[in-house]
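Written below as structure tokens is the structure these notes are about.
The values are calculated or read from the model by the stated rules, or taken from the named source; none is laboratory data. None of these values were measured; they are calculated from a predicted model. Glycine gets a Cβ as well: all are built from the backbone with ideal geometry, and neighbour counts include every protein chain shown. Calculation scope for accessible area: heavy atoms of the full protein, side chains included, ligands and nucleic acids excluded. Shrake-Rupley method; radii C 1.70, N 1.55, O 1.52, S 1.80 Å.
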Amino acid sequence: AELERVRPSFAINAQDTFALVFCDGLSASEGFLMRAWYESRRFPCLAIGGSAGGKLDFSGTYLHDGKQVLTGRAMLIFCKVPRGIRFSPFKSQNFVPTGKYWMAAEADPVARTVSSVFTEGGGSQGFLAALASHFRCPENEVQQRLEDHTFAVSVGGEMFIRSVASLGADKTTFFCDIEFGDCLHLLKKTDFLQTTRQD
């Protein structure tokens, strides 16, 4: 309903228009916003952006629209490229797949948590326990072992990072929503400058 009220001042054409999308990260609504965006079929252009972060104590996230400070909102900025100019997104990330992944068994996309993952035998176990088993270390050392790693989901053959906010014995919290059945691929960090130059 909110998107139905959005009235860009010019025609949207994927060849000369893109949208910058900023969403209050504390609202945990980026996934819902983008689902509504695609289902509305009203904005046929590339959407670039993501979560707007706030203070590290998670007390608030603040957006500014040029006139006022906004919280609990999303901001859409439609950008028209001058005639004769072409553009494409540049996506680079300094992580490569390790070949290991876990499928989420218990996940809460609103709280952005994963409590358990499926095992190869068809059962399930706590995510932290599964990580400890993989790294062959006690659970209290998993955080240290993950320093050079991150997680991602694969969409259309591309990896999209899903960073861990906090590890816990009963649940792991992410900065992005994770759904039941999502495969969390373990990625290993590579050299940032070298990867960026290569990409």
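Laid out as a table, the results:
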item: Anisotropy class of the chain from Cα gyration tensor, a/c 1.5 cut; result: prolate
item: Where GluC sites (Glu not before Pro) fall in DSSP loop in segment 103-199, at most 15 other Cβ within 10 Å; result: 120, 179
item: Accessible heavy-atom area order of 83, 73, highest first, probe of 1.4 Å; result: 83, 73
item: For residue 109, net neighbour charge (Lys/Arg +1, Asp/Glu -1) across residues whose Cβ lies under 10 Å away; result: -3
item: Three-way shape call for segment 36-101 based on the alpha-carbon gyration tensor, with the a/c threshold at 1.5; result: oblate
item: Segment 1-146: relative contact order as a whole-number percent, Cα under 8 Å and 6+ apart; result: 20
item: Å² per residue, accessible surface of segment 28-135 at 1.4 Å; result: 63
item: Options 23, 99, 159, ranked by Cα towards positive dipole end of the chain, top entry (Cβ charges); result: 23
item: Other-chain or far-sequence residues with amide H under 5 Å of residue 162's (modelled H); result: 151, 152, 153
item: Cα-based helix-to-principal-axis angle, 30-40 vs the chain, degrees rounded to 10; result: 50
item: Three-way shape label, segment 137-199, alpha-carbon gyration tensor, a/c 1.5; result: oblate
item: Ellipticity estimate at 222 nm from DSSP helix runs (n ≥ 4, -39,500 (n - 2.57)) divided over the chain, nearest 500; result: -4000 deg cm²/dmol
item: Accessible carbon and sulfur surface of the chain relative to its total accessible area, %, 1.4 Å; result: 52
item: For residue 168, residues with placed amide H under 5 Å, excluding near neighbours; result: 173
item: FRET efficiency for residue 125 and residue 14, using Cβ-Cβ distance with R0 set to 41 Å, rounded to 0.05; result: 0.40
item: Surrounding net charge for residue 150, when Lys and Arg each add one and Asp and Glu each subtract one, Cβ distance under 14 Å; result: +3
item: Sum of side-chain charges, residue 118 neighbourhood, beta-carbon under 12 Å (Lys, Arg +1; Asp, Glu -1); result: -3
item: In Hz, Karplus ³J(HN,Hα) per residue of segment 8-23 (6.51, -1.76, 1.60; θ = phi - 60°; x = Gly, Pro); result: x, 7, 8, 5, 9, 10, 4, 7, 9, 9, 9, 10, 8, 10, 10, 10
